[in-house]
């Protein structure tokens with residue numbers, strides 16, 4: 001397996017999302033998220049470098065919206081969706097409050113995973 005090239009950690013999620021682009025909208029599922037990007041499962045991924053508006057429905061939070069672009073595609077998957085079909089995206093523009101929510105969410109996830117010392 002290759003070396004992790006991401007600058008920021010990602011955490012697993014199962015959040016609904018909507019990808020809005022020039023051809024309309026795509027209902028998707030977000031599989032992981034980090035401060036600068038996410039992996040989105042969807043039936044018809046966009047093309048690499050294509051830009052779009054991403055609307056994320058995080059639980060117990062209002063919709064998070066950010067501009068994003070496709071960084072890479074995962075289109076080779078089997079009938080059981082292994083590995084999942086979709087696209088890796090990078091956030092190109094997001095408000096400070098959206099970025100702060102994501103950073104806090106990721107930090108909280110890793111804080112919960114730390115082992116406790118008795």
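Rule-based calculations on the coordinates, nothing more; no lab input. Predicted, not measured: the structure shown is a model, and the values here were computed from it. Counting neighbours? That spans all protein chains shown, and the Cβs are built from the backbone with ideal geometry, glycine included.
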Inset, instruction - Based on the mean of other Cβ atoms within 10 Å per residue, sort peptides 87-96, 30-39 so the most packed one is first. - result: 30-39, 87-96
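Over segment 10-113, what is the relative contact order in percent, taking alpha-carbon pairs closer than 8 angstrom and at least six residues apart?
Values: 220 pairs, mean separation 26.1, N = 104.
Computed value for segment 10-113: 25 percent relative contact order.
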